[in-house]
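Asks: One structure, pasted below without further comment.
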Amino acid sequence: MALLRALGVVLLLAAGSAPALAQQDWPNRAVRVVVPFGAGGAADRLGRIAADHLSKVFKQQFYVENRVGAGGAVASKDVTRADPDGYTLLIGGSGPHIMGPAENPNIGYDPVGDFTHIAMIGGESYALSAQASLGVKSFKELIALSKSKPEPINVGTPGAGSLGQLTLEAILQKKIANFNHVPYRGGAPLLTDFFGNHIPVASTPILPILQHAAAGTIVPLGVTSTQRIPLLKDVPTFQELGYPEMNGAIWFWLAGPKNLPAPIVDKLNQEIRRLINSPEIREQFEKTAVLSMDADGPALTKYLAEEVKRWSAFVDEKGLKK
C-alpha cells in the first residue's frame with residue numbers, strides 16, 4: 001500500500017513538472033506567426049523581420065501565415081482559440097485591436113484580455129498629402145483653398161476604421177474646411193488613384209509616399225505622429241498645427257493567446273527588444289520611416305488598454321460606432 005502511495009506521489013510530481021519541462025524545451029518545432037493582413041504591408045514586413053530573427057535565435061522555423069479578413073478580426077479570433085503553448089503567435093495591430101474594437105464592440109474578442117501581449121515591434125505614422133498641382137504648401141493653405149471653392153475637395157483614406165479615416169473625421173466635424181471624405185477599400189487602391197492624380201488629397205501611411213514627396217509630385221502637409229519624421233523633417237505634426245485629436249500611429253506588436261507561459265513570454269520579449277534596438281534594424285527603420293517603442297509585456301498591455309479607451313471615447317463622441 002505504501003508502495004502504491006509513493007508511486008502515486010511520483011506520478012503526480014511528474015505530471016506537475018511536465019508543463020514546466022515543455023516550457024524549458026520550447027520551441028522544439030515550428031512556430032506559426034499569424035499576420036492578419038496580406039503580404040507586402042507594414043504588418044507583413046515587420047512580422048517577417050521578427051520571424052526571421054526568432055528563427056535564427058531559437059534554431060526553429062518561425063513561419064508567417066497571412067490570414068486576411070474583416071480588417072484583421074478573422075486572424076485575431078483564430079489566435080484566441082489556439083492553445084497557449086507558444087506555437088501560435090500573432091502580429092497584433094492598431095486596426096484590429098484598437099480602432100476596430102473601438103468602432104465595433106461586438107468584434108468577437110477582448111483586444112486586451114483575450115491576448116498575451118509580448119513586445120512592440122514597430123509602427124507607422126500617417127501623413128495628409130496633396131497633389132503638387134493644387135499649389136498648396138501647408139495644411140493652412142489647403143483649408144483656405146477648400147473654403148474658396150464652391151465644391152468640396154475630395155480627400156481619400158484607406159477606408160472605415162483606418163487611422164486616415166478617424167483623423168480626417170476630426171477635421172470634418174470641426175467644419176473648418178470644405179472636404180469630402182472618399183473612403184477606399186484599403187490602402188492599395190487609394191495609393192493607385194493618388195499617385196495617378198485621380199484624387200487631390202489623401203491620408204496615407206508615410207512609407208509609400210516618400211519617393212513621390214522627394215520627386216515633388218505630392219506635398220505632405222502634416223503627420224499624425226507625436227514627433228516629426230526624420231525623412232520628412234520639414235513637415236509638422238498635427239499636434240504642432242493645433243490639432244492634437246489627429247495624433248496617432250499604427251503600431252504592430254507580437255502577441256499570443258491569453259495565458260501564454262511567462263518563461264516563453266520573457267524569452268520572446270527579450271529577443272524582440274534586442275532586435276529593435278540593434279544598429280542594423282534601427283538604421284532600417286529610419287530609412288523606411290518606421291517608428292519604434294521599447295516596451296515589456298505589462299507596459300505594452302497598459303499602452304493598448306489606454307489606446308482602446310482613448311479611441312473608444314473618440315468614436316463615441318464623433319458618432320462613429322457601428
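The values are calculated or read from the model by the stated rules, or taken from the named source; none is laboratory data. Remember, predicted model here, so these are calculated numbers, not experimental data. No Cβ is skipped: glycine too gets one built from the backbone with ideal geometry, and neighbour counts run over all protein chains shown. Side chains are part of the model used for accessible areas, which takes the heavy atoms of the whole protein and leaves out ligands, DNA and RNA. Shrake-Rupley method; radii C 1.70, N 1.55, O 1.52, S 1.80 Å.
Asks: At 222 nm, what helix-only mean residue ellipticity would the chain give, in deg cm²/dmol to the nearest 500, using -39500 (n - 2.57) for each DSSP H run of four or more?
Replies: Details: 11 runs with 136 residues, N = 322.
Estimated from H runs of four or more residues: -13000 deg cm²/dmol.
Asks: Measuring from label point to label point, each 7 Å out along Cα→Cβ, what is the residue 286 to residue 198 span in nm?
Replies: The modelled label-to-label distance comes out at 3.8 nm.
Asks: Could you tell me the accessible area of residue 181 in Å² (1.4 Å probe, neighbours in place), rounded to the nearest ten?
Replies: The accessible area of residue 181 comes to roughly 40 Å².
Asks: On to the next question. Keeping all protein chains in position, work out how much accessible area residue 45 exposes to a 1.4 Å probe, and write it in Å² to the nearest 10.
Replies: Result for residue 45: roughly 90 Å² accessible.
Asks: Anything over 31 Å Cα to Cα? Flag those among 77/287; 59/309; 174/287; 137/287; 175/309, in the order listed. Let's see the in-between values first.
Replies: On the way: 77/287 34 Å; 59/309 39 Å; 174/287 35 Å; 137/287 24 Å; 175/309 25 Å.
Pairs exceeding the cut-off: 77/287; 59/309; 174/287.
Asks: Still on this structure, I have one more. Around residue 277, with a cut-off of 14 angstrom between Cβ atoms, what is the net charge of the other residues, counting Lys and Arg +1 and Asp and Glu -1? Each step should come with its number before you reach the end.
Replies: Numbers: positive: 273, 274, 282; negative: 271, 280, 283, 286, 294, 296.
Net of charged neighbours comes to -3.
Asks: Work out, step by step, the length gained on full extension between residue 60 and residue 138: first 0.36 nm times the residue separation, then minus their alpha carbon distance; give nm to one decimal.
Replies: Numbers: separation 78, 0.36 × 78 = 28.08 nm, distance 5.01 nm.
Gain in length upon complete extension: 23.1 nm.
Asks: Can you give me the relative contact order of segment 162-284 as a percent, contacts being Cα pairs under 8 Å and 6 or more apart? Intermediate values should be presented prior to the final figure.
Replies: Values: 74 pairs, mean separation 22.1, N = 123.
It rounds to 18 percent for segment 162-284.
Asks: Okay, moving on. Roughly what % antiparallel, to the nearest 5, for the DSSP beta bridges in the chain? Present the calculation step by step, with values, prior to reporting the outcome.
Replies: On the way: 24 of 40 bridges.
Counting only bridges with both partners in the chain, antiparallel ones make up about 60 percent.
Asks: Another one. Taking the Cα centre of each part, how many Å lie between segment 228-262 and segment 117-172?
Replies: Cα centroid of segment 228-262 versus Cα centroid of segment 117-172: 16 Å apart.
Asks: Rounded to the nearest 20 Debye, what is the dipole magnitude of segment 176-275 about its Cα centre when Lys and Arg each give +1 and Asp and Glu each give -1 at the C-beta? Walk me through the numbers before you get to the answer.
Replies: Details: 7 positive and 6 negative charges, 67 e Å.
About 320 debye.
Asks: Right, here's the next one. At a threshold of 8 angstrom on Cα-Cα distance, excluding pairs fewer than six apart, so keeping six or more, what relative contact order does the chain reach in percent?
Replies: Working: 570 pairs, mean separation 80.0, N = 322.
For the chain, the relative contact order is 25 percent.
Asks: Quick one: compute the contact order of segment 46-190, relative version, from alpha carbon pairs under 8 angstrom and 6+ residues apart, as a percent. Numbers along the way, then the final one.
Replies: On the way: 124 pairs, mean separation 24.7, N = 145.
Relative contact order, segment 46-190: 17 percent.
Asks: Cα atoms only, the chain: Rg and Dmax in Å?
Replies: 22.6, 95
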